[in-house]
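Enquirer: Encoded as structure tokens, here's the structure I'll be asking about.
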There are 6 protein chains.
Amino acid sequence: MPFLEVKIARGHTLDTKRELARSLTDTLVAVLGTQPEWVTIHINEFERENWAVGGLLHPERHPERST
Amino acid sequence: MPFLEVKIARGHTLDTKRELARSLTDTLVAVLGTQPEWVTIHINEFERENWAVGGLLHPERHPERST
Amino acid sequence: MPFLEVKIARGHTLDTKRELARSLTDTLVAVLGTQPEWVTIHINEFERENWAVGGLLHPERHPERST
Amino acid sequence: MPFLEVKIARGHTLDTKRELARSLTDTLVAVLGTQPEWVTIHINEFERENWAVGGLLHPERHPERST
Amino acid sequence: MPFLEVKIARGHTLDTKRELARSLTDTLVAVLGTQPEWVTIHINEFERENWAVGGLLHPERHPERST
Amino acid sequence: MPFLEVKIARGHTLDTKRELARSLTDTLVAVLGTQPEWVTIHINEFERENWAVGGLLHPERHPERST
């Protein structure tokens, strides 16, 4: 039944997304005692220029990072 | 006043989106007795590789489907 | 596969929620050709004092309404 | 047209919410050049025990704070 | 930087929420290589009568369950 | 601690996004008395063909506008 949305910066590999989906699902199953089939995961990627902390867009705040 | 967000896989036609917006709005008007002008719809398309059920990304779970 | 969240004011009856879930699901099945079992609906109720249009909280904008 | 959701801890006064709705709307109007009537604001209050940073729920991380 | 929202039925204990926050954060740190301090978790609890799968509200679909 | 998501049509300049992040953060700091570093902003851009009011997709409703 749980629905999980995780917002991360765009640019992660398919392997990372695969591992993210698998391990987040495992975590929910272990902690909540739910069935894997009941867990839906949405990886919501944001452009770095659409995310800000402390009033600064991500590219201004962390110009050296790509993800 | 209602705000409705529907998350669907990317790849539907403009006609389908048009019909989706129209019919979801009609449904809210019929059930809630609100005015069409008060209904906002957001079609939030996700990439199939960003959606997982049962710990598997959509392309791994349903390799034969494109939407 | 679709996930639908509808934000409405708190105060609707269980019958209205039941009808809302049924008819929104029917609409997605009819328009997208998906299976009912793949449709998840989240009715996200908000307190009227937590919703604003035009800069005014709902109770100030529509003092005569209860939902 | 913009829709803004702000997640804050439960416990703010109605006056604070009123000021929040008004000033966030003013900000969107000033920066985006939209009309106030097109701006919807949703104040989504969370319980402090439902919010975590650094793996710690808010009451454990900031035991001295009430909001 | 990641922001994670997990929607679960209301009724879990504080211990479960604590474990959920800790283990989801650990998972994101392990998979994405981020710092714990950058991870925010929002446990968004829904009432069972506000959640539907297959067009049926949760209490009608699973009358025997309380969470 | 606050997390703010604003949904706007795609097509705004980087300068506008920068100003949006800065001024929304300032607003939250001024009204809530929080620290800038605790404020996260997510600018969630939607395609105009994915947004509807009154049952009409944005391009049909406002064919003359580009954002």
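The values are calculated or read from the model by the stated rules, or taken from the named source; none is laboratory data. Just so we're clear, the structure is a prediction, and the values are computed from it rather than from any experiment. With ideal geometry, Cβ positions are generated from the backbone for all residues, glycine too; neighbour counts draw on all protein chains shown. Each accessible area value is taken on the protein alone, full model and side chains, heavy atoms only, with ligands, DNA and RNA left out. Shrake-Rupley method; radii C 1.70, N 1.55, O 1.52, S 1.80 Å.
Enquirer: Once each part is reduced to its C-alpha centroid, what is the distance from the stretch E:36-67 to the stretch A:1-66 in angstrom?
Expert: 20
Enquirer: Another one. Keeping every protein chain present and rolling a 1.4 Å probe, give me the accessible area per residue for the stretch D:3-61 in Å².
Expert: 36
Enquirer: Let me ask something else. Counting C-alpha atoms alone, how compact is the stretch A:1-51: give Rg to one decimal and Dmax as a whole number, in angstrom.
Expert: Answer for the stretch A:1-51, Rg first and Dmax second: 12.2, 38 Å.
Enquirer: Return a single number: how many Lys pairs in the protein assembly as shown, at a sequence separation of 8 or more or on separate chains, have alpha-carbon atoms below 18 angstrom apart.
Expert: 18
Enquirer: Quick check: net charge around residue B:7, other residues with Cβ under 10 Å of its Cβ, Lys/Arg +1 and Asp/Glu -1?
Expert: Result for the local shell: -4.
Enquirer: Let me ask something else. Angle between the Cα long axis of helix E:14-32 and the longest principal axis of chain E, 0 to 90 degrees, nearest 10?
Expert: Roughly 50 degrees, rounded to the nearest 10.
Enquirer: Compute for chains F and A the buried accessible surface, both sides summed, probe 1.4 Å, and express it in Å² to the nearest 100.
Expert: Using a 1.4 Å probe on protein heavy atoms, the buried area is about 1300 Å².
Enquirer: Defining a contact as two alpha carbons under 8 Å apart and six or more residues distant in sequence, what relative contact order in percent does chain C show?
Expert: Details: 68 pairs, mean separation 29.0, N = 67.
It rounds to 43 percent for chain C.
Enquirer: On to the next question. Whenever you get a sec, compute what percent of the accessible area on chain A sits on carbon and sulfur atoms (1.4 Å probe).
Expert: The computed percentage sits at 48.
Enquirer: Distances longer than 28 Å among the Cα atoms of the protein assembly as shown: what percent of all pairs is that?
Expert: Working: 36704 of 80601 pairs.
The answer is 46 percent, as a whole percent.
Enquirer: Could you tell me which trypsin sites (Lys or Arg not before Pro) in the stretch F:1-53 are loop residues by DSSP with no more than 15 other beta carbons within 10 angstrom of their beta carbon? Could you put the intermediate results ahead of the total?
Expert: Values: sites: F:7, F:10, F:17, F:18, F:22, F:48; in loops: F:10.
For trypsin sites (Lys or Arg not before Pro) across the stretch F:1-53 that sit outside H, G, I, E and B with at most 15 neighbouring Cβ atoms in 10 Å, the list reads F:10.
Enquirer: Please report the net charge: other residues with Cβ closer than 15 Å to the Cβ of residue C:25, K and R +1, D and E -1.
Expert: -1
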